[in-house]
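The values are calculated or read from the model by the stated rules, or taken from the named source; none is laboratory data. Nothing here was measured: the structure is a model prediction, and the numbers come from that model. When we count neighbours, we look across all protein chains shown, and the Cβ atoms used for this are built from the backbone with ideal geometry, even at glycine. Each accessible area value is taken on the protein alone, full model and side chains, heavy atoms only, with ligands, DNA and RNA left out. Shrake-Rupley method; radii C 1.70, N 1.55, O 1.52, S 1.80 Å.
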Amino acid sequence: MDNLSKELEDFLIRLGKDENGVGERLAGYTHQLLNLLYSSDAKIVEERYGLFGEQPHTPDELATRYHTTPDAINKGIAMCLRKIAVTPEWQTMKPMTKLRAIKLK
């Protein structure tokens with residue numbers, strides 16, 4: 001996986017673990033990013049990373065569900081991430097994913 005895709009994957013992992021931790025705005029932008037994919041591919045990405053209320057699933061679990069191999073799932077997800085990672089939408093959004101929330105007392 002190249003660096004652009006890895007940055008996107010790191011963000012998706014963080015979003016899947018704590019959607020509130022990245023903010024409603026970024027979650028909404030992410031939903032729009034996934035709309036750049038075919039709906040079936042977007043669903044698999046959501047299920048893999050546990051996005052938007054989904055539970056995260058392993059490649060083995062997804063392979064069983066979609067009647068394929070874990071390797072095919074991993075390759076498909078990598079292709080989806082690459083497809084999104086090179087878009088102007090992700091490049092515009094990426095700097096916002098690195099910002100830390102400032103808590104005011």
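Summary of computed values
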| item | result |
| --- | --- |
| Global form of segment 14-95, assessed from the alpha-carbon gyration tensor, a/c cut-off 1.5 | oblate |
| Cut-off 20 Å, label 7 Å out along Cα→Cβ of Lys17, residues of segment 52-85 by amide N | 52-59 |
| Cα long-axis angle, helix 24-34 against the chain (0 to 90 degrees, to the nearest 10) | 30 |
| Carbon and sulfur %, accessible surface of segment 1-64 computed with the full protein complex present, 1.4 Å | 46 |
| Per-residue SASA entry for Glu46, accessible area with 1.4 Å probe, Å² rounded to 10 | 30 |
| Positive-end residue of Met96, Gly53, Gly28, charge dipole of the chain with Cβ unit charges | Met96 |
| Environment charge of Pro56, counting only residues whose C-beta is closer than 10 Å and scoring Lys/Arg +1, Asp/Glu -1 | -2 |
| Accessible area of Tyr49 in the full protein assembly, 1.4 Å probe (Å², nearest 10) | 20 |
| Net charge of neighbours whose Cβ lies under 12 Å from the Cβ of Ile77, counting Lys and Arg as +1 and Asp and Glu as -1 | 0 |
| Ranking by accessible area, most exposed first, for Glu47, Glu19, Glu54 with a 1.4 Å probe | Glu19, Glu54, Glu47 |
| Only Lys, Arg (+1) and Asp, Glu (-1) charged, at Cβ; the chain dipole about Cα centre in debye | 480 |
| For the chain, calculated [θ]222 nm from helices alone, where every DSSP H run of n ≥ 4 adds -39500 (n - 2.57) | -21000 deg cm²/dmol |
| Cβ-Cβ FRET estimate between Met79 and Arg25, R0 fixed at 30 Å, reported to 0.05 | 0.65 |
| Linear extension gain, Asp71 paired with Asp2, 0.36 nm per residue minus alpha-carbon span | 23.1 nm |
| Heavy atoms of Ser39: accessible area, 1.4 Å probe, square angstrom to 10 | 100 |
| Accessible area per residue in Å² at 1.4 Å probe, computed on segment 16-56 | 60 |
